[in-house]
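Chemist: Please read through the structure below; I'll follow up with questions.
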Amino acid sequence: MEPQTFYHEDTRPHHAPTDSIIRIDHLTKVFQSKTKSVTAVDNITFNVTRGEIFGLLGPNGAGKSTLIRILTTLLRPTSGSAYVDQYEITKDPEKIRSIIGVCPQNSTLDVELTAYDNLEFYGKLVNVDDRILDARIWQLLEMTGLTDRAHVRVQTFSGGMKRKLEIVRAFIHHPLILFLDEPTIGLDPESRREVWQQITRLNEEETTIILTTHYMDEAEKLCRHIAFVDRGRLITLDTLDNLKLAIPTGDLIEIGFEAMDERLLPEIRANDQITSADIRDSKLFISAKNGSGVLPAIVAILAKYSVPMTSISIRPPSLEDVFIYLTGKKLDEGTSGDTKSSNGGNRQ
Amino acid sequence: MIKGAVAIFKRDFKKFLSNPFVIIMTLVMPIMYLVIFGNAVGGTLTHIPLAVVQEQPYNDFTPLYTSSLQGLRTLAQKDYPPTFDVLVYNDEEKAKRALQDGIVKGVVVFPSPISRDNAVRLYVDSSDYATPALIESGVQSVLVGETNPVQINKIYGDIKYIQFFGVGVIVMAIFMTTMFGGGIALIKDRELGIIEGYLVTPVKRSSIILGMIGSGTVRAFLAGFTIFIVDILITGIIVQSTEDFFLILVVLFITSLGVTSLMVSIASRFIEQQSYSSVAAFFSLILFMTSGAFYPTIGMPDWLRWITIINPEFYAVDALRSIILRGQGLNVIGMDIIALLIFSAVAITLGISTYRRTLE
């Protein structure tokens, strides 16, 4: 279906603040099949601020990719509406496609062509002026450090190199918004760091970046605002710091020991800064509002009962903790260095 | 957005050229068909062993017998060795036994003088497909030759089977290149997500399809043209005028366009190669066999001839044969061209509509 381009007098919703580059309003997508219907996106509403890196987090199958596909005009929503810049996704899909860059989860590079050819081909598809195209391609290759491999077929590239190439390819026409669907899935730690640097650099060129990921560290590292999505629903949306404040338990303290005296537990719990204290697997787990403040008191109690400590760690809650707190389940088994889900295959 | 279509065209073409192995293999197949099938089938049969005998009693040889014997011995097609190796028997039973034993392919029994009204009897090895008809016509021509000889005028000169068949192979090359080379490349692109990459760009969907059909058409045309040249070199067909040459190019182009559009519409319904390949094999078999490339379509039963009516290859083969073998012009092949154009228009419409559906 080729939706016609209508020009309404004003396509902006009047209530929307103008610094929002994406406005999603009660968006729902239901996939119908003969036997069942699956609600992949369930009544989601939120805005994305111009110029930020926005993180869409959730476990595999949460509906992140479906949401991205709707925003990039590959799918039509079942109900609700969304605006990308001033264009409505179902009314002006072609306008939207000319201001966005998309790097989907599954690679769309042509591995039988060279890096240069891939960029040149895509540049023509997104209507980059022929006169500047060549210079732009070399600029992007420079950015990714692939200059010396410009005329080498992409199939010889490492996973990280392919990913970086694909990300800059989506950026070839200086899009207003860049959609990155799981940009570092299946990459080794070194490549992931390089991709992160790349994303940060692109964001410095005033491009808004929408990033989906199920890696917590990635979102923590890059995103200003983070939206948690689970089973198609928006769980929460806030800045990283505010999300962490949402956990009432505060910092997490872990103390390792060899032999424990059970009597000290009630005494630790008596401290009103401490919200919980438990012993599991020869470790004392304590949640406290002000971790570093109460640590001396805890150490003193342990000393009083002559419990020898083998280790102490204190850390602020991670995004993962927030997610577990909010949804009651883990985001993904082993969020770091996990390659099990990397070969995500064709999920659609 | 013609720029997008051009970009897709160029990219497809670059990929096509970057894989010479596939190009060669898709061309080798039709050439093998041409050389092996064209020579194995339709060769001129000569030296067919034939027994000749006169009915008992044969005290004297009848004039019919002697003249026919002479005629059969000397019967030959122009520039070829004698058609029959005549073996004279003096016992009808012995001759028939020789036929059963496979020593001869046929027995001609001439009537004896006492029974002049009796027919000349012919026994043939009917398990053999080609020789009985040849023996029959040979014997008949010898008998008729007694009174009024038949003068045969081949109005288009001597045309060998390989020349007749070679024209069909040109069309086959177009079909094979498109169905196998082009269709599989398209499905591979889908598997690799390259098509999805197109969809998030501002290129219009009709431009995407235009680019794909465009590159496929040029590929198919080049394949058809190459085989056409090979055909000239191997089978010795001659294009009589520049006008004919351009007319051939026009037919090749329209055929390529129609077949490519058909391929796009079929391939767009498949998401993986195996099932597409089997369907493509089915189509290429049914369309090629009913195209008249092997054998004139008038020999087909009615139900099969219905397929030829909607078979674009039939019109393409007919048009090419008219131009190449008969030197005919637009006035004769006009209908073929119109049929091909209608087919192309339907296939393009189908290609665009089915392709769109899969994009959504």
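Computed from the coordinates by the stated procedures, all read-outs in this text should not be read as laboratory data. Because the structure is a prediction, the values reported are computed rather than measured. Cβ placement follows ideal geometry from the backbone for every residue including glycine, while neighbour counts extend to all protein chains displayed.
Chemist: Testing the spin-label approximation: label points 7 Å from Cα along Cα→Cβ at B:Arg121 and B:Ile298. State their distance in nm.
Modeler: That separation, rounded to one decimal, is 3.5 nm.
Chemist: Tell me which residues come under 5 Å, amide H to amide H, from B:Ser112 once H is placed; ignore anything under 5 positions away on its chain.
Modeler: When sequence neighbours closer than 5 places are left aside, the close amide H contacts are B:Glu55.
Chemist: Within the stretch A:20-244, what percent of beta bridges assigned by DSSP are antiparallel, to the nearest 5? Present the calculation step by step, with values, prior to reporting the outcome.
Modeler: Values: 23 of 41 bridges.
The antiparallel fraction comes to roughly 55 percent.
Chemist: For B:Tyr123, B:Tyr156, B:Tyr355, which order do you get if you count the other beta carbons within 10 Å of each Cβ and list the fewest first?
Modeler: Values: B:Tyr123 19, B:Tyr156 11, B:Tyr355 23.
In order of increasing Cβ crowding within 10 Å: B:Tyr156, B:Tyr123, B:Tyr355.
Chemist: With θ set to phi - 60° and the Karplus curve 6.51 cos²θ - 1.76 cosθ + 1.60, what are the ³J(HN,Hα) couplings of the stretch B:226-243 in order, to the nearest whole Hz, using x for Gly and Pro?
Modeler: Rounded to whole hertz, the list is 4, 5, 4, 5, 4, 4, 4, 5, 7, 9, x, 6, 10, 8, 6, 9, 4, 4.
Chemist: Here is a further query. Which ³J(HN,Hα) values in Hz, rounded to whole numbers, follow from the phi angles of the stretch B:126-137 under the Karplus curve 6.51 cos²θ - 1.76 cosθ + 1.60, where θ = phi - 60° and Gly and Pro get x?
Modeler: Per residue, the Karplus-derived 3J(HN,Hα) values read 6, 6, 8, 6, 9, 5, x, 5, 5, 5, 4, 5 Hz.
Chemist: Provide the per-residue ³J(HN,Hα) series for the stretch A:192-199, in order, calculated from phi with Karplus coefficients 6.51, -1.76, 1.60 and θ = phi - 60°, each as a whole number of Hz, with x at glycine and proline positions.
Modeler: 4, 4, 5, 5, 4, 4, 4, 4
Chemist: Give B:Lys14/B:Lys188; A:Lys36/A:Lys91; B:Lys14/B:Lys204; A:Lys124/B:Lys10 a once-over and call out the pairs whose C-alpha atoms are over 18 Å from each other.
Modeler: Working: B:Lys14/B:Lys188 16 Å; A:Lys36/A:Lys91 29 Å; B:Lys14/B:Lys204 22 Å; A:Lys124/B:Lys10 11 Å.
Flagged as over cut-off: A:Lys36/A:Lys91; B:Lys14/B:Lys204.
Chemist: Counting other Cβ atoms within 10 Å, keep those with at most 16, restrict to DSSP loop, and tell me which GluC sites (Glu not before Pro) in the stretch A:219-292 are left. Let's see the in-between values first.
Modeler: On the way: sites: A:Glu220, A:Glu254, A:Glu258, A:Glu262, A:Glu267; in loops: A:Glu258, A:Glu262.
When the GluC sites (Glu not before Pro) of the stretch A:219-292 are filtered for loop state and at most 16 Cβ neighbours within 10 Å, A:Glu258, A:Glu262 remain.
Chemist: Rounded to the nearest 500, what is the protein assembly as shown's calculated 222 nm mean residue ellipticity when only DSSP H runs of at least 4 contribute -39500 (n - 2.57) each, over all residues? Numbers along the way, then the final one.
Modeler: Values: 25 runs with 332 residues, N = 708.
Per the formula, -15000 deg cm²/dmol.
Chemist: Let me ask something else about it. If a/c stays under 1.5 just call it rounded; otherwise compare a/b with b/c (prolate if a/b is bigger, oblate if not). Do that for the protein assembly as shown, with a ≥ b ≥ c from the square roots of the Cα gyration tensor eigenvalues.
Modeler: Details: a/c = 3.89, a/b = 2.74, b/c = 1.42.
Since a/c reaches 1.5 and a/b is larger than b/c, the shape of the protein assembly as shown is classed as prolate.
Chemist: Could you size up the charge dipole of the stretch A:248-316 around its Cα centre, putting +1 on the beta carbon of Lys and Arg and -1 on that of Asp and Glu, and report it in debye to the nearest 20? Let's see the in-between values first.
Modeler: On the way: 7 positive and 9 negative charges, 26 e Å.
About 120 debye.
Chemist: Evaluate peptide A:117-128: per residue, the Cβ atoms of other protein chains within 10 Å of its Cβ; return the mean as an integer.
Modeler: On the way: counts 5, 3, 0, 3, 8, 5, 1, 9, 15, 6, 7, 1.
If you average over the peptide's residues, the count of other-chain Cβ atoms is 5.
Chemist: Let me ask something else about it. Taking the DSSP beta bridges in the protein assembly as shown as the whole, what percent of them are antiparallel, to the nearest 5? Could you put the intermediate results ahead of the total?
Modeler: Working: 46 of 75 bridges.
Taking every DSSP beta bridge with both residues in the protein assembly as shown, the antiparallel ones total about 60 percent.
Chemist: For a quick protection proxy, order the peptides A:27-36, B:28-37, B:181-190 by their average other-Cβ count within 10 Å, most packed first. Please report the intermediate quantities before stating the final value.
Modeler: Values: A:27-36: 12.2, B:28-37: 16.7, B:181-190: 20.9.
So the peptides A:27-36, B:28-37, B:181-190, ranked by packing, come out B:181-190, B:28-37, A:27-36.
Chemist: Using modelled amide H (1.01 Å from N, peptide plane; none on Pro or chain starts), what sits under 5 Å from the amide H of A:Thr236, excluding residues fewer than 5 places away?
Modeler: Those lying under 5 Å, H to H, from A:Thr236 are A:Phe228.
Chemist: Which of the trypsin sites (Lys or Arg not before Pro) found in the stretch B:3-88 are loop residues per DSSP with 14 or fewer other Cβ atoms within 10 Å of their Cβ?
Modeler: Numbers: sites: B:Lys3, B:Lys10, B:Arg11, B:Lys14, B:Lys15, B:Arg73, B:Lys78; in loops: B:Lys78.
Answer in residue order: B:Lys78.
Chemist: With both bridge residues required to lie in the stretch B:48-145, what share of the DSSP beta bridges run antiparallel, to the nearest 5%? List each step's numbers first, then the result.
Modeler: On the way: 5 of 16 bridges.
Around 30 percent antiparallel, to the nearest 5.
Chemist: Between A:Arg263 and B:Leu87, what is the spin-label point distance in nm, taking each point 7 Å from the Cα along the Cα→C-beta axis?
Modeler: 12.4
Chemist: Just how large is the dipole of the protein assembly as shown about the Cα centre, in debye to the nearest 20, putting +1 at every Lys and Arg Cβ and -1 at every Asp and Glu Cβ? Write down the numbers at each step before the final one.
Modeler: Working: 66 positive and 76 negative charges, 116 e Å.
Dipole about the Cα centre, nearest 20: 560 debye.
Chemist: Here is a further query. About its Cα centre, what dipole magnitude does chain A give when the only charges are +1 on Lys and Arg Cβ and -1 on Asp and Glu Cβ, stated in debye to the nearest 20?
Modeler: Values: 40 positive and 49 negative charges, 156 e Å.
Rounded to the nearest 20 debye, it is 740 debye.
Chemist: Starting from the Kirkwood radius over alpha-carbon pairs of chain A, derive D by Stokes-Einstein at 10 °C in a medium of 1.306 mPa s and give it in µm² s⁻¹. Mind dumping the intermediate values first?
Modeler: On the way: Rh = 22.6 Å.
Estimated diffusion coefficient is 70 µm²/s.
Chemist: So which lysines pass the test for B:Lys94, namely a Cα distance under 20 Å, with those fewer than 8 places away in the same chain ruled out?
Modeler: B:Lys94 reaches B:Lys105.
Chemist: Provide the packing ranking of A:207-216, B:203-212, i.e. peptides ordered by the mean count of other C-beta atoms within 10 Å per residue, highest first. Please list the in-between numbers first.
Modeler: Details: A:207-216: 23.8, B:203-212: 21.9.
So the peptides A:207-216, B:203-212, ranked by packing, come out A:207-216, B:203-212.
Chemist: Another question about this same structure. Can you find, among B:Leu199, B:Val171, B:Ser277, the residue sitting farthest towards the positive end of the charge dipole of chain B, where Lys and Arg contribute +1 and Asp and Glu -1 at Cβ?
Modeler: Farthest along the dipole direction, towards plus: B:Leu199.
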